[in-house]
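Engineer: Before we start, here is the structure in question, set down as structure tokens.
The values are calculated or read from the model by the stated rules, or taken from the named source; none is laboratory data. None of the values given here were measured: they were computed from a predicted structure. Note that we place each Cβ from the backbone using ideal geometry, even for glycine, and neighbour counts take in every protein chain shown.
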Amino acid sequence: MKTHDNTHLLVRKAYGAVAKAVKTVKSKSSCCSSSSCCGGDTAPSVEGEMGLSCGNPVGFSKIKKGMTVLDLGSGAGKDVFIAAPLVGPKGKVIGVDMTPEMLALAKKNAGKFAKRTGLRNVEFRKGIIEKLPVKDGEVDLIISNCVINLSPDKPAVFREAFRALKPDGAIIVSDIVLNRKLPPALKNHAGLYAACVAGALQRREYLGAIREAGLSGIKLLSDKTYSSSGACFDPITSKASKALDGAASSITVFAKKTKAGRESAGK
């Protein structure tokens, strides 16, 4: 547990600094500073855009009016604000983040979003993604964008996602996975952990954790390999670009909570 606490502290400190430096965040990213860095898919520019994404889970989500959507590690709110018009005024989008500075920024952005769209269907809650501040079966869809790889207990995240989903609910998450083991010096590098790389699971382990949580119908919707030529201006990953070349991929994964999955998870 102490190790988990230390990891949370590391990540909270890194992203708190990003939130404070929001005016210059494009050059001080703690994760993927552009789509080319991790091979992520582009997404609309909205309130909360900080260049920290590694994909575009909302773009794959087929969100419907009236849905309740949960964003894990919502940061300044980018994906929350993309999803909110899609669920409409009768729907709801909940963002969960553990960093006070990010939550403050997200709530400030929510005011701008409401003024621009007239929608007041977003909510930001403080909490860790290994123990979500939501009720059992509260949400229809869970999204996350380059966040789960930062968790010190990824299987717990997927178990919590399963708990939070309604029957037949789904997750669509973009994340970083490893295609091979990293050298020990990089695996233990604090900066690379904050940069979404050192803490990433190998692909098989990541998909296995989703399956073991009780989720099924797993599909890879996007799969792009990290290239050293795409290290761009990220001050962390660029320093280790040669060692990282081909070692990691940005993926977007779909999985669903089915009746069979619920019975399996309950055993």
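Engineer: Can you name the condition, by its number, that residue 217 falls short on among (1) at pLDDT 90 or above; (2) assigned to a helix (DSSP H, G or I)?
Structural biologist: So the condition that residue 217 fails would be (2).
Engineer: Further question on the same structure: For the stretch 62-86, name all the residues that are part of a loop (DSSP other than H, G, I, E, B), under 14 Å from the mean Cα position of the chain (by Cα) and farther than 19 Å from residue 157 by Cα.
Structural biologist: Those that are part of a loop (DSSP other than H, G, I, E, B), under 14 Å from the mean Cα position of the chain (by Cα) and farther than 19 Å from residue 157 by Cα: 76, 77.
Engineer: Going residue by residue through the stretch 97-106, is there one that turns out to be among the small types (Gly, Ala, Ser) and farther than 17 Å from residue 173 by Cα?
Structural biologist: yes
Engineer: Name the one entry in 124, 158, 113 that is of a type in the set (A, V, I, L, M, F, W, C) and touching a Gly at 6+ places or on another chain (Cβ under 6 Å).
Structural biologist: Every option except 124 fails the conditions.
Engineer: Restricting the search to the stretch 87-115, which residues are in a helix (DSSP H, G or I) and within 24 Å of residue 157 (Cβ to Cβ)?
Structural biologist: Result: 87, 100, 101, 102, 103, 104, 105, 106, 107.
Engineer: Considering the stretch 87-108 alone, what residues qualify as being small (Gly, Ala, Ser) and within 19 Å of residue 143 (Cβ to Cβ)?
Structural biologist: Matches in the stretch 87-108: 88, 91, 95, 106.
Engineer: Okay, next question. If you go through the stretch 76-93 one residue at a time, do you hit one that is modelled with pLDDT under 90 and not small (Gly, Ala, Ser)?
Structural biologist: No: zero hits.
Engineer: May I ask you to verify whether residue 185 is at pLDDT below 90, exposed (fewer than 15 other Cβ atoms within 10 Å of the Cβ) and either touching a helix residue (DSSP H, G or I) at 6+ places or on another chain (Cβ under 6 Å) or within 19 Å of residue 150 (Cα to Cα) (or both)?
Structural biologist: Answer is yes for this residue.
Engineer: Which of the residues spanning the stretch 142-176 are modelled with pLDDT under 90 and among the aliphatic types (A, V, I, L, M)?
Structural biologist: Correct list: 147, 150, 176.
Engineer: Sticking with this structure for a sec: Closer than 29 Å to residue 212 by Cα, crowded, with 23+ Cβ neighbours inside 10 Å and within 14 Å of the chain's Cα centre (by Cα), is that true of residue 93?
Structural biologist: no
Engineer: Here's another thing I want to ask about it. For the stretch 57-85, give me each residue that is over 18 Å from residue 256 (Cα atoms) and crowded, with 24+ Cβ neighbours inside 10 Å.
Structural biologist: 73, 74, 75, 76, 77, 78, 79, 80, 81, 82, 83, 84
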